[in-house]
1. What is the magnitude of the charge dipole of the chain about its Cα centre, with +1 placed on the Cβ of each Lys and Arg, -1 on the Cβ of each Asp and Glu, and no other charges, expressed in debye to the nearest 20?
2. Excluding residues fewer than 8 places away in the same chain, name every one of the lysines whose C-alpha is closer than 16 Å to that of Lys174.
3. Whole angstrom only: what separates the Cα centroid of the stretch 30-104 from the Cα centroid of the stretch 113-164?
4. In the chain, if the dipole is taken from +1 on Lys/Arg beta carbons and -1 on Asp/Glu beta carbons about the Cα centre, which of Pro3, Leu171, Gln85 is farthest to the positive end?
5. What's the whole-number percent of alpha carbon pairs in the chain lying beyond 27 angstrom?
6. Along the charge dipole of the chain, Cβ charges K/R +1 and D/E -1, which of Ala208, Gly137, Pro20 sits furthest on the positive end?
7. Give the order of Asp195, Asp31, Asp102, Asp5 when sorted by the count of other beta carbons within 10 angstrom, beginning with the fewest.
8. Among Ser47, Ser90, Ser149, whose mean-square fluctuation peaks in a Gaussian network model of the chain (Cα, cutoff 10 Å)?
Amino acid sequence: MSPDDILKGLYDETMIGNRPAVLELTQAGLDSGVLPETMLFEALIPSLEEVGARFERGDWFVPEMLIAGKAMAAALDLLRPLLAQTGVESVGTFLMGTVKGDVHDIGKNLVNIMLEGAGFTVIDLGVQVPPEKFIAGIEEHNPDIVGMSAFLTTTMPMFKANINAIEKAGLRNKVVVMVGGAPVTQEYADVCGADGYAADAATAVRKAKDFVAAKRAG
Ligand code: B1M
């Protein structure tokens, strides 16, 4: 199978949520030297974007989104060790979670993988993380950065609620707060009082490194 066939197969099979085929194709891609990043950015993510577009048009429903998401997550599990390969010492600690009320985690997990690849120690609090869990995580792990993901317009206000709670707990000066997720914008991040925003995983890593460098520089 040619690399193009593999990428096309990954796009098509992710869309219909054919997890076994997606796993097989991901492995075939790795065996024939297709870069993990190529599979991710040229097949898997575009496929989920198309699923989202069909859902938005009302052509597809939640079950279709769910199985496509599961197929993508399975591929990500296979790619994870390759994307996160790093020999460098920890550059900083990143506490991450998807906000309360929101179960989307593929994007968050991808950001985590890329952060690990860049040398961050990532503590993942999972999904539906309430403010008190972010606070307990800060107290326990003393992270440089707290990252919050929200993927729904209805859960984005949790950024502000979390930041308020962190402030109330007297911890706001100890951490940089970064936010992200599909519907989030720089303007929204500014309004809710976050220190940083990134539209994608690569930008999140670059900004996180800059924040830590600035913090270390005092
Ligand atoms: Co949902 N869903 N979903 N869904 N889902 C979206 C997000 C949606 C955009 C689809 C659409 O209408 N086009 C829409 C949200 C609309 C909105 O509010 N603006 C939507 C909806 C409406 C819903 C439900 C409400 C549907 C319903 O029940 N009626 C429901 C909500 C459940 C809940 O959370 N309470 C729901 C449920 C689900 C599933 C469970 C079925 C499944 C989730 C599976 C999972 O995550 N384990 C699912 C899926 C798969 C999607 C789509 C199709 C794909 C999401 C995804 O993984 N994208 C999505 C459509 C879309 O995004 N086009 C959709 C790929 C991922 C790599 O990208 O998540 O954007 P993304 O992450 C990026 C960036 O955002 C950024 O970097 C990541 C990597 O580059 N980023 C950060 C993320 N976090 C960051 C943090 C940072 C910085 C950058 O700093 C800390």
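Only the coordinates and a few stated rules stand behind these numbers; no lab work does. On a predicted model such as this, the values are computed, not experimentally measured, just so you know. Reconstructed Cβ throughout: ideal geometry from the backbone, glycine too, with neighbour counts over all protein chains shown.
1. Once rounded to the nearest 20, the dipole reads 800 debye.
2. Once the sequence-local lysines are set aside, what remains near Lys174 is Lys215.
3. Computed from Cα coordinates, the inter-centre distance equals 18 Å.
4. Positive-end residue among those listed: Leu171.
5. 35
6. Result: Gly137.
7. Lowest count first: Asp31, Asp5, Asp195, Asp102.
8. Of Ser47, Ser90, Ser149, the Gaussian network model singles out Ser90 as fluctuating most.
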